[in-house]
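Scroll down for the structure; my scribbles are underneath it.
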Amino acid sequence: MEATLAKTGTEEKTWGGGNRPLNASYGKMMMWFFIVSDALTFSGFLAAYGFSRFKFIETWPIADEVFTHVPFLHGQEHPMIYVAFMTFVLIMSSVTMVLAVDAGHHLNKAKVTLYMFLTIIGGLIFVGSQAWEWATFIKGDYGAVQTKGGNIIQFVNAEGHRVALRDFVVAAPTEREQLERKDGFWFQKEGSLPTYTLNDVISGFDAHPDMLIRTQTLNEHGHKTVLSRGESLQMLKNNGKHVVEGANLHENEYGSPLFADFFFFITGFHGFHVLTGVIINIIIFFNVILGTYEKRGSYEIVEKVGLYWHFVDLVWVFVFTFFYLV
Amino acid sequence: MAHEHKLEIFRGLLKFKSNVTKIWGVFAFLCLVTAVEVVLGIVKPEALTHSHILAMKTLNWIFIILTLVKAYYITWDFMHMRDETKGMRRSVVWTAVFLICYLILILLIEGDYIFDVYKVGHVKFNF
């Protein structure tokens, strides 16, 4: 390396070029540049989430009621458990990554290989968990009705527990069919129809006199407001517009559509980072096996990709707090 | 390249024998903090959700502070910020912290203002 650099003979002087005040290699420096700018991107997203949440602070969904599912435990509500597991997996993979960096410093090829492998496995478990979380969120759970004003109303029994549409609504035979491209003009189509129509929901609600409606508005205890039976009937019949099942970018059975939008966007962007991290890790992993860095005499590249991997973990710590805890 | 690691955390309270034991120590600490967060998030003690400090629930302050603690140890020990020069550390951390605080301040004030406009304005949203 030294031989290819032109020397000016003034390296000892302060401004001569030999001075390295930050004592970091070019590659590490650039990785830090990237991390700072990427951190600002994520802060922009999370701050925008905070902005929208403050805007609708009295009607925002309660995360503990949205993310309650754990794989293989159907019909049970365990808020926080699965996301805590995901956090643990990501921190653990960060640990194996930093152990790989440490083994790299000692030029221990076998250990770097092992720890890189474990890191990749951790990353894959995390991405898979996130995909599952998305699928559960998109599929939805209880179903709800959207009002003309765009608000979400949900159904509870006399004790205040949520009741799913499938438990009190009977789908009446309907003539309405999903519009597909083959039926109308070639540019006309619509998404899949909900299982129930609004009229099915209204007659099901009439048939169960103990059921009530829960609005989006939070009361002073931080719970959703439950209307009286009279108010509930009035709300459903006067304001109900259509049935919502699950969540997408337009509507969300859990509350404000913005909640779903930010959830998809922020966790999606983070998941994309994890995925690219896994891919880069796999490339480095094979290079380690091939002995590329052994020949080079330095495992600094492991350190650089490690910085990126820890950054992804760092972002998740914030996403975890602002989406699931606060 | 020299790979000197500073091996003490908690301001010198705890000094590890090697870099590997330090990594596991930090990992245990991060797990502990996460466990505290999860337990608080499930239990949600009344005393913490009904008291407010600076217009925010005490519980939320605890969550945010614990998050910053975790962020500190991930950056300092996993990303080796502890071993970088002072100039390097400050140019990364101070820049990001300043810009992020500014952005959050502006956007949250604006969000709160729009909330007030919706609440007291003439347009009705609760139908």
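Find how much the distance from A:Glu159 to A:His223 grows on full extension, using 0.36 nm per residue of separation minus their present alpha carbon separation; answer in nm with one decimal.
Roughly 21.7 nm would be gained on extension.
Which value in deg cm²/dmol, rounded to the nearest 500, describes the helix-derived mean residue ellipticity at 222 nm for chain B, given -39,500 (n - 2.57) per DSSP H run of n ≥ 4 and division by the residue count?
So the helix-based figure for chain B works out to -21500 deg cm²/dmol.
Can you pull the Kirkwood radius for the protein assembly as shown, inverse mean 1/r over Cα pairs, to one decimal in Å?
Kirkwood hydrodynamic radius for the protein assembly as shown: 25.1 Å.
Pop out the ³J(HN,Hα) list for region A:147-158 in order, Karplus 6.51 cos²θ - 1.76 cosθ + 1.60 with θ = phi - 60°, rounded to Hz; leave Gly and Pro as x.
Those phi angles translate into 8, 4, x, x, 8, 9, 10, 10, 10, 10, 8, 4 Hz.
Provide the net charge surrounding A:Thr59, with neighbours chosen by a C-beta distance below 13 Å and charges set as Lys +1, Arg +1, Asp -1, Glu -1.
+4
Can you list residues from other chains, or at least 5 along the same chain, whose modelled amide H is less than 5 Å from the amide H of A:Val244?
A:Ala144, A:Val145, A:Gln146
Could you list, in their original order, any pairs among A:Lys13/B:Lys86; B:Lys22/B:Lys57; A:Lys139/A:Lys189 whose Cα atoms are separated by more than 29 Å?
B:Lys22/B:Lys57
Return the aspartates and glutamates within reach of A:Lys109: Cα separation strictly under 12 angstrom, same-chain partners fewer than 8 residues apart disregarded; answer none if there are no such residues.
A:Glu294
Just to be sure I understand: with springs between alpha-carbon atoms less than 10 Å apart, which residue in B:Ala47, B:Ala55, B:Ala96 has the highest mean-square fluctuation in the Gaussian network model of chain B?
Maximum among the listed residues: B:Ala55.
Starting from the amide H of A:Thr217, placed 1.01 Å from N in the peptide plane, find each other amide H under 5 Å away whose residue is 5 or more places distant or on another chain.
A:Thr225
Classify region B:61-127: rounded, prolate or oblate, from the alpha-carbon gyration tensor (a ≥ b ≥ c, eigenvalue square roots; a/c under 1.5 rounded; otherwise prolate if a/b is larger than b/c)?
Since a/c reaches 1.5 and a/b is larger than b/c, the shape of region B:61-127 is classed as prolate.
How high is the FRET efficiency from B:Phe115 to B:Ser51, r the C-beta distance, R0 25 Å, rounded to 0.05?
According to the calculation, E is roughly 0.70.
Given bins 5 angstrom wide, list per bin the percent of all Cα-Cα distances in region B:1-83, short to long.
Spelled out per bin, shortest first, that is 3, 13, 21, 19, 13, 11, 10, 6, 3, 1, 0.
Only helical DSSP H runs with n ≥ 4 go in: add -39500 (n - 2.57) per run for chain A, normalise by residue count and round the 222 nm mean residue ellipticity to 500 deg cm²/dmol.
So the calculated ellipticity at 222 nm is -17000 deg cm²/dmol.
Can you pull the one-decimal nm distance between simple spin-label points at A:Trp186 and B:Thr85, each 7 Å off the Cα toward Cβ?
Placing both labels 7 Å along Cα→Cβ, they lie 6.5 nm apart.
Apply the a/c threshold of 1.5 to the C-alpha gyration tensor of region A:1-129 and tell me whether it is rounded, prolate or oblate.
Oblate, since a/c reaches 1.5 and b/c is not below a/b.
Specify the angular offset, from 0 to 90 degrees and rounded to the nearest 10, of the alpha carbon long axis of helix A:198-207 from the longest principal axis of the alpha carbons in chain A.
Between the helix axis and the principal axis of chain A, the angle is about 60 degrees.
Compute the angle between helix A:109-139 and the longest alpha-carbon principal axis of chain A, please, reported from 0 to 90 degrees and rounded to the nearest 10.
Roughly 20 degrees between the two axes.
Roughly how tilted is helix A:229-239, in degrees to the nearest 10 and between 0 and 90, from the longest Cα axis of chain A?
70 degrees
Per 0.36 nm of contour for each residue apart, how much would the distance between A:Gln234 and A:Trp132 grow if the chain were fully extended, relative to their Cα-Cα spacing?
33.0 nm
Quick one: putting +1 on the C-beta of Lys and Arg, -1 on the C-beta of Asp and Glu, what dipole do you get for region A:209-307 around its Cα centre, in Debye to the nearest 20?
It comes to approximately 80 debye.
Within 10 Å of each candidate Cβ there may be at most 11 other Cβ atoms; applying that plus a DSSP loop requirement, which trypsin sites (Lys or Arg not before Pro) in region A:156-249 survive?
Passing sites in region A:156-249 are A:Arg176, A:Arg181, A:Lys182.
No value in this document is a laboratory result; all are computed from the given coordinates. Small disclaimer: the values here were computed from a predicted structure and weren't measured. We place every Cβ from the backbone using ideal geometry, glycine too, and count neighbours over all the protein chains shown.
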